[in-house]
Amino acid sequence: MTVLLIALGAAVGAPLRYLTDRAVQSRHHSAFPWGTLLVNVSGSLLLGALAGWPIGPAVSALLSTGFCGALTTYSTFSYETLRLTRGGHRLLALANVLGSVAAGLAAATVGYALARALTG
Amino acid sequence: MPEPFEPRTDPDVDLRVPADRRELTARPATILATIAAGGALGALARAGLQHAVPHAPTGFGWATFIVNTSGCLLIGVLMAVLGHLDGGHPLARPFLGVGVLGGFTTFSTYAVDIQQAIVAGAPGTALAYLAATVLGALVAVGLGDAATAGLLRRAAR
């Protein structure tokens with residue numbers, strides 16, 4: 001059952017990352033990978049909230065491990081940083097690393113605090 | 001060296017690459033189902049590792065560290081191979097890159113693991129995990145890309 005829930009969550013999360021990335025890029029032409037930053041930060045916000053919420057193992061498998069895990073990505077983030085560096089955009093590469101880590105951590109903290117405040 | 005992948009920054013989808021722009025309108029169901037299947041496989045592999053090597057909130061998340069750094073090594077290898085093959089099979093990047101490796105690696109677990117370690121009163125572990133993952137991931141992706149590109153160049157000679 002857990003295996004199915006993880007697979008189901010990921011089967012939604014991964015295509016949603018792809019579609020979000022496309023939507024962001026089609027509206028915003030920039031060398032900076034805003035699409036990946038958006039999915040990583042929003043996934044961290046949601047996972048932070050789930051960590052502060054009294055959820056059971058089934059919801060955790062579906063939403064935390066499956067959905068949030070597949071919506072967010074480290075491989076895309078690192079490859080983009082490599083390509084920005086190779087393309088001579090060293091400052092953008094540095095901004096991507098520092099910005100992603102800071103924003104992801106801030107989002108996780110806010111999500112967790114909100115969930116804790118709401119559940120008392 | 002001709003490299004149709006040259007304008008690419010984003011391995012998931014980069015609208016500056018003509019093939020990426022076209023792929024979703026050409027066959028949306030196939031592309032999205034391929035990504036979903038790959039994502040499910042990657043997520044299950046990640047969950048299996050995390051289940052095998054659990055960690056306390058105050059401890060170093062070794063499973064996720066290994067998942068993220070190895071996934072970064074593999075995206076470097078994959079994109080170098082696909083670049084060498086002029087993009088390769090049209091479903092190779094969606095399945096292996098967007099799906100399997102995107103679903104395998106995770107940024108949200110990384111961020112929340114750091115936050116949870118801080119909440120649990122282990123800021124030293126949080127900082128070590130934060131730095132080790134970022135540095136490990138960047139070294140891994142650079143190594144995967146450079147080693148693969150080097151091998152392919154040697155093989156082509």
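The numbers here are math on the coordinates, done by the rules we state, and not lab data. On a predicted model such as this, the values are computed, not experimentally measured, just so you know. So basically every Cβ, Gly included, is an ideal-geometry build from the backbone, and we count neighbours across all protein chains shown.
Summary table below
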read-out	value
Tail weight of P(r) past 16 Å, computed on alpha-carbon pairs of region A:2-119, percent	63 percent
Chain B: angle of helix B:123-156 to the longest principal axis, Cα-based, in degrees nearest 10	20 degrees
Relative contact order of chain A, pairs being alpha-carbon contacts under 8 Å that are 6 or more residues apart, as %	40 percent
Loop-resident sites, region A:35-120, for chymotrypsin sites (Phe, Trp or Tyr not before Pro), counting at most 14 other Cβ within 10 Å (DSSP)	none
Sequence-separation-based contact order of chain B, relative, with Cα cut under 8 Å and 6+ spacing, percent	33 percent
Semi-axes of the equivalent ellipsoid for region B:95-157, Cα gyration tensor, largest first, Å	33, 15, 4
Evaluated over the protein assembly as shown, the Cα radius of gyration and Dmax, each in Å	17.8, 66
On Cα atoms only, tilt of B:28-52 relative to the major axis of chain B in degrees	30 degrees
By average C-beta atoms within 10 angstrom, highest first, the peptides A:88-96, B:33-41	B:33-41, A:88-96
Within the protein assembly as shown: Cβ-based charge dipole about Cα centre, in debye rounded to nearest 20 (Lys, Arg +1; Asp, Glu -1)	260 debye
Paramagnetic reach from B:ARG153 (point 7 Å along Cα→Cβ, amide N under 20 Å) across region B:75-99	B:75-87
About the Cα centre, charge dipole magnitude for chain A (Lys/Arg +1, Asp/Glu -1 at Cβ), debye	240 debye
Angle in degrees between helix A:34-52 and the longest Cα principal axis of chain A, rounded to the nearest 10	20 degrees
Per-residue average of Cβ from other chains inside 10 Å of A:53-62	0
Signed unit charges on C-beta, dipole axis of region B:1-81, positive-most listed residue B:VAL81, B:ALA36, B:ALA19	B:ALA36
At 1.567 mPa s and 4 °C, Stokes diffusion of region B:18-156 via Kirkwood alpha-carbon radius, µm² per second	80 µm²/s
